[in-house]
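Each remark here refers to the structure printed beneath this line.
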Amino acid sequence: MARNRERRHHLLDAAVEVIAVEGGRGLTFGAVDRAAAVPPGTASNYFASRDQLLAELAEHVFVRLAPDPDEAAERMSAEPTRESERGLMMWLVERALADRPAHLALFELRLEATRNPHVAPTVTRQFAGNLAIATSDHVDHGFPGDRSTALVLYLAMSGLLLDHLTMPELLGTDAVAAIVDTIVTTVVPEQRVD
């Protein structure tokens, strides 16, 4: 197998674009080669199977969507209040809109995991890790509420992102900030209860 990391990264970014536009069924080695503008057969030199491509894609998307560590640290250094939580959720929406294809790829990977038992463990592990980080960020940084608060906030924001990124006209772009306000106000207590 070819080991050029930069080329592998480029192929995985191309796979993000393919799965975001074509869905899971459209994710073929040929489609990835075309999207990456590389010679035919390149993707098959890097990935032994479509299942391997999907598994690496699941890992790649979460790395691609990870926030800049310095910016995240700065935002997390704010006093942990309901209002700062609201700011973090709006930042999440902004980042999702900035890389819509990667978020659409996540939705497609979820669906692929329901159909493909070879890919399901990797995809599930990636989502479980993401949920664990979101929960620990909420709890360990002292935001109002507990682990249940973090879980409900995660699920509510996931639903909002699904609807807004797949059908933006459903909620309307102008309504998203108000919906985030409603989610945070409903889910996150006003003050931390110790």
Answer yes or no as to whether PHE127 is more than 29 Å from LEU57 (Cβ to Cβ), in contact (Cβ under 8 Å) with a residue 12 or more places away in the chain and among the hydrophobic types (A, V, I, L, M, F, W, C).
-> no
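Yes/no matrix, rows are residues, columns are (1) closer than 19 Å to TRP91 by Cβ; (2) basic (Lys, Arg); (3) in contact (Cβ under 8 Å) with a residue 40 or more places away in the chain:
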position: SER148; (1), (2), (3): no, no, no
position: TYR154; (1), (2), (3): yes, no, no
position: GLY159; (1), (2), (3): yes, no, no
position: MET167; (1), (2), (3): no, no, no
position: LEU171; (1), (2), (3): yes, no, no
position: ALA177; (1), (2), (3): yes, no, yes
position: VAL187; (1), (2), (3): yes, no, yes
How do the pairs read when you match residues in segment 12-35 that are touching a residue at least 40 places away in the same chain (Cβ under 8 Å) with residues anywhere that are not in a helix (DSSP H, G or I), using Cβ under 7 Å and keeping only pairs 6 or more apart or on different chains?
-> ALA15/LEU27; ILE19/LEU27
Answer residue from segment 58-85, given it is basic (Lys, Arg) and within 23 Å of VAL152 (Cα to Cα) and is surrounded by the most Cβ atoms within 10 Å (Cβ to Cβ) among those | ARG82
Pick out the one residue from LEU171, LEU88, LEU160 that is in contact with an Asp or Glu (Cβ under 9 Å, 6 or more places away or on another chain), buried (at least 19 other Cβ atoms within 10 Å of the Cβ) and of a type outside the set (Asp, Glu).
-> LEU88
Filter result for VAL21 (of a type in the set (Val, Ile, Thr) and outside any helix (DSSP H, G or I)) = no
Filtering segment 52-87 for residues that are outside any helix (DSSP H, G or I) and either among the β-branched types (Val, Ile, Thr) or within 30 Å of GLU17 (Cα to Cα) (or both) leaves a count of 4
Using beta carbons and a limit of 8 Å, which pairs, at least six apart or on different chains, have the first residue in segment 97-118 and at negative phi and of a type in the set (Phe, Trp, Tyr) and the second one open to solvent by 40 Å² or more (accessible area, probe 1.4 Å) and part of a helix (DSSP H, G or I)?
-> PHE107/LEU162; PHE107/THR166
Which of the residues that make up segment 91-140 are open to solvent by less than 70 Å² (accessible area, probe 1.4 Å) and not in a helix (DSSP H, G or I)?
-> ASP99, ASN116, VAL119
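The values are calculated or read from the model by the stated rules, or taken from the named source; none is laboratory data. Note that this is a predicted model, so its numbers are computed, not measured. Cβ: placed from backbone, ideal geometry, glycine included. Neighbour counts: every protein chain shown. Note: accessible area is taken over every heavy atom of the protein model, side chains too, but ligands, DNA and RNA are not part of it. Shrake-Rupley method; radii C 1.70, N 1.55, O 1.52, S 1.80 Å.
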